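Remarks on the structure that follows.
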Amino acid sequence: MRSVEEHQRVVAGLISHRPPVTTPLADTLGLALAEDVVAPLSLPGFDNSAMDGYAVVAEDISGATPEQPVLLPVAEDIPAGRTDPLTLKPGTAHRIMTGAPLPSGATAVIPVESTNAATDTVEIRASAKPGQHIRRAGEDVTAGTIVLRAGQVVTPAALGLAAALGLSELSVIPRQRVLVMSTGSELVAPGTPLQPGQIYESNAVMLAAALRDAGAEVVATPTAVDDVAVFRDALDRHRGDADLIITTGGVSAGAYEVVKDALGEGQVEFVKVAMQPGMPQGSGVVDGTPIITLPGNPVSALVSFEVFLRAPLRSAMGLPHPERPRRTAVLLEDLKSPRGKRQFRRGVFETDQDTGRSTVTSYGPPASHHLRWLASANCLLEIDEDVVELAAGSPVQVWDLA
């Protein structure tokens, strides 16, 4: 059987970066920047007020106190957005709003709370130091400086900065576009009444969510019955929009294995990987598009995605921390594992906040159809191929899924 590491290398070799694309600002959230962002202008672009209040010459109000206020005539009213240049004459004040351009000659802004808020002659009840409550041009960003680095993931704050700099688009590494296909004549869509022998399709919903959580884009999630012609038709209809195809089901050793029957002639290599769950796997290229074929049992499908697909997909999109965090924890129970297979058990991982001690227990049976337990687990216990027994108190590696 193929080792887990060997199949990881095979799958990673099929997933490649897409060329950078220039994308409207609103569509870049969560994507990695393909190049540095250089500020085309300074922020602020002009000296402006940091407070609602009055622009003054600081020396004019140097002796102002609540008991002995200074009275100044209000010569101008400056709301945010006023564009005509203004000059403040000594011995006068301009009423000014937050963000409004500072008039030439002003050396401080006195907050409205330190005045009587008048619009004709203002009573100023506190002094101010030169520069007080003034935002200087370029004190946040200087034009020509790098403000965002290539490889940085676009966050809401990064979007706000780009917009403040007047940028309407960014060069980013695009999402991987993935087609997810479930196979099986027994599958019906949730909400449809079940007939005897039918089950609700869950793999496509589950894997589509896992792909989006990893940062990828899902182009379609068709379901095909166990008929080669129907499967190939669905594949051909959606394949052109995808950078990668993922199928579930139809790859085992029995009859009616539609994926094997449709793609087994040199296009896809079907192998057994030394792991539990998820032993039957496949990988290859169909008419130029990489394809990864996963087993049909839900736990096998999602564990296979975690082990083989999540990290290379995130790497291809330039996203940080492509692999799940690995932790070492103390096992709280005795466990057995099949010899010769890497076992991935569902588990519950906890860290004591007082002692810092991390512990883990397995959660639910190991069989690949027990989806309920995976839905409530927060980690995967990884047990090596050569380990058949683990005693309580043993250190064990876990994949943090939280």
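The values are calculated or read from the model by the stated rules, or taken from the named source; none is laboratory data. Note that the structure is a prediction, hence the values are computed from the model and not measured. In this analysis, Cβ positions are derived from the backbone assuming ideal geometry, glycine residues included, and neighbour counts consider all displayed protein chains. Each accessible area value is taken on the protein alone, full model and side chains, heavy atoms only, with ligands, DNA and RNA left out. Shrake-Rupley method; radii C 1.70, N 1.55, O 1.52, S 1.80 Å.
Cβ contacts < 6 Å: first residue at pLDDT below 95, restricted to segment 285-301; second residue surrounded by 24 or more Cβ atoms within 10 Å (Cβ to Cβ) and of a type in the set (Ser, Thr, Tyr), any location; separation 6+ or different chain. Result? So the pair list comes out as GLY296/THR248.
Pairs meeting the criteria (first residue in segment 20-37 and at pLDDT 95 or above, second residue basic (Lys, Arg) and loosely packed, with under 15 Cβ neighbours inside 10 Å, beta carbons under 9 Å, at least 6 apart or on different chains) are LEU33/ARG149; ASP36/ARG149; VAL37/ARG149. Can you confirm whether segment 216-224 contains a residue that is in contact (Cβ under 8 Å) with a residue 60 or more places away in the chain, of a type in the set (D, E, K, R) and surrounded by 14 or more Cβ atoms within 10 Å (Cβ to Cβ)? There is no residue in segment 216-224 that is in contact (Cβ under 8 Å) with a residue 60 or more places away in the chain, of a type in the set (D, E, K, R) and surrounded by 14 or more Cβ atoms within 10 Å (Cβ to Cβ). Counting just the residues of segment 132-172 that are open to solvent by 60 Å² or more (accessible area, probe 1.4 Å) and part of a strand (DSSP E or B), which one comes out nearest to THR28 (Cα to Cα)? Per the stated criteria, the residue is GLU169. Looking across segment 173-198, the residues that are β-branched (Val, Ile, Thr) and either in a loop (DSSP other than H, G, I, E, B) or within 18 Å of LEU302 (Cα to Cα) (or both) come down to VAL178, VAL180, THR183, THR192. Do you know which residues across segment 27-46 are open to solvent by 50 Å² or more (accessible area, probe 1.4 Å) and over 25 Å from the mean Cα position of the chain (by Cα)? Within segment 27-46, PRO40, LEU41, GLY45, PHE46 qualify. For segment 243-263, does any single residue satisfy the condition of being surrounded by fewer than 17 Cβ atoms within 10 Å (Cβ to Cβ), closer than 30 Å to VAL37 by Cα and among the charged types (D, E, K, R)? No. Pairs are defined by a Cβ separation below 7 Å, a sequence spacing of at least 6 or placement on different chains, a first member in segment 83-96 that is within 16 Å of ASN48 (Cβ to Cβ) and in contact (Cβ under 8 Å) with a residue 40 or more places away in the chain, and a second member that is polar (S, T, N, Q) and surrounded by 12 or more Cβ atoms within 10 Å (Cβ to Cβ); the pairs so defined are ILE96/SER49.
Is it true that LYS260 is part of a strand (DSSP E or B) and not aliphatic (A, V, I, L, M)? Criteria not met by LYS260. Considering only segment 281-322, state which residues are under 22 Å from LEU380 (Cβ atoms), open to solvent by 30 Å² or more (accessible area, probe 1.4 Å) and not polar (S, T, N, Q). Once the filter is applied, which keeps residues that are under 22 Å from LEU380 (Cβ atoms), open to solvent by 30 Å² or more (accessible area, probe 1.4 Å) and not polar (S, T, N, Q), segment 281-322 yields GLY296, LEU302, ARG314, PRO320, HIS321, PRO322. The residues of segment 373-402 that are within 29 Å of ALA214 (Cα to Cα), of a type in the set (A, V, I, L, M, F, W, C) and surrounded by fewer than 18 Cβ atoms within 10 Å (Cβ to Cβ), listed by number, are ALA375, LEU401, ALA402. When GLN68, GLN132 are screened for being on the phi < 0 side of the Ramachandran plot and without any contact (Cβ under 8 Å) to a residue 12 or more places away in the chain, only GLN68 passes.
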